[in-house]
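One structure is given here, and the rest of the page talks about it.
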Amino acid sequence: MLLKGSFMKEKFFADLGISQPSVLDLEIEKIISKTLASRLTPTEQYIISSYYGIETELKKYDEIGVTVTLSAFKVRQINVRSIRKLRWPSVRSSLVKSIEEYVANKLRFVNI
């Protein structure tokens, strides 16, 4: 099942430098949100979630900026910095491992 804004989710995985899972559903969004919550500040988490449409509606930098009272340029800078944090090998490998485990379990139940 592809979710609304799946193009931006593809971009999210590309920006992190990991391959997109074969299954993209709400549970994977929850896994991503959990990782965001554990590694980013609330503002960074909101910006990443809003920009990539993770468990929320897609928003542009200027729309996000209105909510967090920052300029679109500053929101973009925070987005870039946050993605850089999420690319740390420990964070990226943890995220990949969680997603792979979920997908493997889901495919195992489908094939039964």
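Annotations for the structure displayed:
- Selection count where residues are of a type in the set (Ser, Thr, Tyr), modelled with pLDDT under 90 and under 15 Å from the mean Cα position of the chain (by Cα), scope region 54-92: 1
- Every condition in (1) outside any helix (DSSP H, G or I); (2) surrounded by fewer than 15 Cβ atoms within 10 Å (Cβ to Cβ); (3) touching a helix residue (DSSP H, G or I) at 6+ places or on another chain (Cβ under 6 Å) is met by residue 19 except one, and the failing one is (3).
Every residue, every condition in (1) in contact with a His (Cβ under 6 Å, 6 or more places away or on another chain); (2) under 12 Å from residue 99 (Cα atoms); (3) basic (Lys, Arg), yes or no:
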| site | (1), (2), (3) |
| --- | --- |
| 14 | no, no, no |
| 17 | no, no, no |
| 27 | no, yes, no |
| 30 | no, yes, yes |
| 38 | no, no, no |
| 49 | no, no, no |
| 53 | no, no, no |
| 58 | no, no, no |
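- The set of residues from region 40-60 being part of a helix (DSSP H, G or I) and surrounded by fewer than 18 Cβ atoms within 10 Å (Cβ to Cβ) comprises 42, 43.
The values are calculated or read from the model by the stated rules, or taken from the named source; none is laboratory data. Everything numeric here is computed off the predicted structure, so don't read it as measured data. Ideal geometry is used to build each Cβ from the backbone, glycine not excepted, and the neighbour counts take in all protein chains shown.
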